[in-house]
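Notes to accompany the following structure.
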Amino acid sequence: MSSSALPAVPPSVLPSVPPPAPSSSPHGALSAARILERIEALARLSEQPDGLTRVYLSAEHARANALVGDWMREAGLAVRVDAVGNLIGRREGERPGLPCLMLGSHLDSVRNAGRYDGMLGVITAIECVQALGAQALPFAIEVIGFADEEGVRFQATMLGSRAVAGTFDPQLLDLADARGVSMRDALRAFGLDPEQVADAARRRDEVLAYVEYHIEQGPVLEAERLPVGVVTAINGQQRFRIELEGMAGHSGTVPMALRRDALAAAAECVLAAEAAAHAVPDAVATVGQISVAPGATNVIPGRAVLSLDVRSPRDADRERVARTIVDACTAIGARRNVRVSATQTHVLDSCACAPWLRQQLAQAITADGHRVRELPSGAGHDAMALVGLTDVAMLFLRCAKGISHHPAEAIEAEDAATGARVLLNFIQRFRPQGGAH
Ligand code: HGY
Ligand code: MN
Ligand code: MN
């Protein structure tokens, strides 16, 4: 499909205008109310009329970049969009050109998403920069709204943060979305040049650290009545596309023994994935998407395509579970005379958060009067892709019942204020690791 068939997308490359002088007050007040208002405003930029879905390089993504870009400029950040669609705001330190403390998270969402996953980290970082006012720091600050962390549109995830880390694989440009639009064409329609994606990569000496503030997306902090926590490590993840080719046929005439039913084979594969993960402590495996063809009541499914997501805190376990599942699917296909092919679309090893950054986050949490709780992250985050570029850490915020990737995702206003205060305190106390740069 030619790019002209794509939805008209306003030019995403925002004019890089110099920021207004930082507000005169040395330390503006943090406003949890403004954070929550902005969360609501951003949640309305959705392709889904009755919920939140915002995918990479969509018209909604362009509008989110424009809106968040305005908020960045209000906070005194110089704003640009990089070669893959990340939104970047920069605040200089006590002199221009200093290496930066990089903050942020992602602006894309899953389908029918919650409104805090990703967005809370970007909006709160902007709020903290605004609260810094004219305070001169011995480092620059960059706030990044990553363009694609969830990987909903093209099935490969962390595209924005990989590009910043310099690990974006150009072969990904040929991936196509459900309508057959390639990432290459989608970048062009967004106003970007796919031949320049490598320009998004940053040098190690430009970045002192990356710290991501994010909802926990799990139940631990709420269960322990803690508003915030420090992430120790982020579980590794692997994704596959599993295609099953059988034989479509008349549902009324083909005897059961002669069928090559792709969906029945797929159903066995789903259960095999569940069983393989159950067998290994802390491992998880999920089939979140399935498509079936031709998709008629009276036709035996000739083709099915599954997504597969496998995770574990231990990379060897994750690889073993993934291999077990792929082997099981292949065996199921052989027994049913259904051709099965599994293609790995994404892999990220587990990521350790830097002890020196965890310690500075812990100090900020203690200074705000809370017990320090360290915990692993089962969810993936852009920080995993950035660990090749710089040291990373994450500050977690409690979320209601640990619900996420669901419209019921929620936080308390008081916690939004606490999280912002702790992040601001971390920023103001931040000292680069001795000799790190
Ligand atoms: O899938 C994840 O863990 C993240 O929300 N992208
Ligand atoms: Mn997510
Ligand atoms: Mn997220």
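The values are calculated or read from the model by the stated rules, or taken from the named source; none is laboratory data. All figures in this text were calculated on a predicted structure; none of them were measured in a lab. FYI the Cβ positions are ideal-geometry reconstructions off the backbone, even for glycines, and counts take in every protein chain you see. Side chains included, ligands, DNA and RNA excluded: accessible areas come from the protein's heavy atoms. Shrake-Rupley method; radii C 1.70, N 1.55, O 1.52, S 1.80 Å.
Here's the yes/no breakdown for (1) outside the structural domain of Val321 (by TED's automatic domain parsing); (2) assigned to a helix (DSSP H, G or I); (3) modelled with pLDDT of 95 or more:
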{"site": "Gly252", "(1), (2), (3)": "no, no, yes"}
{"site": "Leu263", "(1), (2), (3)": "no, yes, yes"}
{"site": "Glu274", "(1), (2), (3)": "no, yes, yes"}
{"site": "Ala277", "(1), (2), (3)": "no, yes, yes"}
{"site": "Pro281", "(1), (2), (3)": "no, no, no"}
{"site": "Ala285", "(1), (2), (3)": "no, no, yes"}
Options Arg115, Arg179, Arg153: the member that is open to solvent by 20 Å² or more (accessible area, probe 1.4 Å) and within 13 Å of ligand 3 (Cβ to nearest atom): Arg115
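Yes or no, residue by residue, for (1) farther than 30 Å from Thr330 by Cβ; (2) crowded, with 23+ Cβ neighbours inside 10 Å:
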residue: Leu175; (1), (2): no, no
residue: Ala201; (1), (2): yes, no
residue: Glu212; (1), (2): yes, yes
residue: Ile215; (1), (2): yes, yes
residue: Thr232; (1), (2): yes, no
Six or more apart or on different chains, Cβ atoms under 6 Å: show the pairs whose first residue is in region 69-98 and at positive phi and whose second is modelled with pLDDT under 95. Gly76/Pro19; Gly76/Pro22
Which one is surrounded by the most Cβ atoms within 10 Å (Cβ to Cβ) among residues in region 217-230 that are farther than 16 Å from Ser404 by Cβ and not β-branched (Val, Ile, Thr)? Pro227
Number of the exception - Ser341 against (1) surrounded by fewer than 22 Cβ atoms within 10 Å (Cβ to Cβ); (2) closer than 26 Å to Asp117 by Cα; (3) of a type in the set (Gly, Ala, Ser): (2)
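Select, from Ile290, Ile325, the only residue that is closer than 23 Å to Gly151 by Cα, free of Cβ contacts under 8 Å to residues at least 40 places away in the same chain and of a type outside the set (Ser, Thr, Tyr). If you could, list the steps in order and put the result at the bottom.
Numbers: Ile325 fails: free of Cβ contacts under 8 Å to residues at least 40 places away in the same chain.
Testing whether each residue is closer than 23 Å to Gly151 by Cα, free of Cβ contacts under 8 Å to residues at least 40 places away in the same chain and of a type outside the set (Ser, Thr, Tyr) leaves just Ile290.
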Of the residues in region 129-143, how many are open to solvent by less than 10 Å² (accessible area, probe 1.4 Å) and not hydrophobic (A, V, I, L, M, F, W, C)? 2
Just one of (1) open to solvent by less than 40 Å² (accessible area, probe 1.4 Å); (2) modelled with pLDDT under 95; (3) farther than 30 Å from Pro194 by Cα; (4) of a type outside the set (Phe, Trp, Tyr) trips up Ala75, so point out which. (2)
For region 16-40, how many residues meet the condition of being exposed (fewer than 15 other Cβ atoms within 10 Å of the Cβ) and at pLDDT 95 or above? 3
Please count how many residues of region 348-374 are in contact with a helix residue (DSSP H, G or I) (Cβ under 6 Å, 6 or more places away or on another chain), open to solvent by less than 10 Å² (accessible area, probe 1.4 Å) and within 16 Å of ligand 3 (Cβ to nearest atom). 1
Enumerate the pairs (first residue in region 348-373 and among the hydroxyl-bearing types (Ser, Thr, Tyr); second residue anywhere and surrounded by fewer than 21 Cβ atoms within 10 Å (Cβ to Cβ) and not in a loop (DSSP other than H, G, I, E, B)) with beta-carbon separation below 7 Å, excluding pairs fewer than 6 apart on the same chain, so at least 6 apart or on different chains. Ser350/Ala233; Ser350/Asp315
Given the criterion buried (at least 18 other Cβ atoms within 10 Å of the Cβ) and under 30 Å from Leu375 (Cα atoms), identify the matching residue among Ala316, Ala279, Ala272. Ala272
I'd like the full set of residues that are surrounded by 23 or more Cβ atoms within 10 Å (Cβ to Cβ) and in contact with a helix residue (DSSP H, G or I) (Cβ under 8 Å, 6 or more places away or on another chain), limited to region 80-90. Val81, Val84, Gly85, Asn86, Leu87, Gly89
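Would you say Leu375 is within 30 Å of Ile325 (Cβ to Cβ) and over 17 Å from the mean Cα position of the chain (by Cα)? I'd like the intermediate steps shown before the answer.
Numbers: within 30 Å of Ile325 (Cβ to Cβ): yes; over 17 Å from the mean Cα position of the chain (by Cα): yes.
Criteria met by Leu375.
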If you check Ala393 against the conditions, is it more than 16 Å from ligand 1 (Cβ to nearest atom), open to solvent by 10 Å² or more (accessible area, probe 1.4 Å) and at pLDDT 95 or above? no
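Matching residues to (1) of a type outside the set (A, V, I, L, M, F, W, C); (2) within 16 Å of ligand 1 (Cβ to nearest atom); (3) at pLDDT 95 or above; (4) closer than 12 Å to Ala276 by Cβ:
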| residue | (1), (2), (3), (4) |
| --- | --- |
| Arg318 | yes, yes, yes, yes |
| Ile325 | no, no, yes, yes |
| Asn337 | yes, no, yes, no |
| Ala342 | no, no, yes, no |
| Cys353 | no, yes, yes, no |
| Leu357 | no, no, yes, no |
Residue that is outside the structural domain of Arg241 (by TED's automatic domain parsing), within 25 Å of Glu40 (Cβ to Cβ) and away from ligand 1 (no atom under 16 Å from the Cβ), where the choices are Leu57, Leu98, Leu107: Leu57
Show the residue pairs that are 6+ apart or on different chains and have beta-carbon atoms under 6 Å apart, the first residue being within region 385-409 and closer than 17 Å to Gln217 by Cβ and within 14 Å of ligand 3 (Cβ to nearest atom), the second being open to solvent by 30 Å² or more (accessible area, probe 1.4 Å) and among the β-branched types (Val, Ile, Thr). Glu409/Ile403
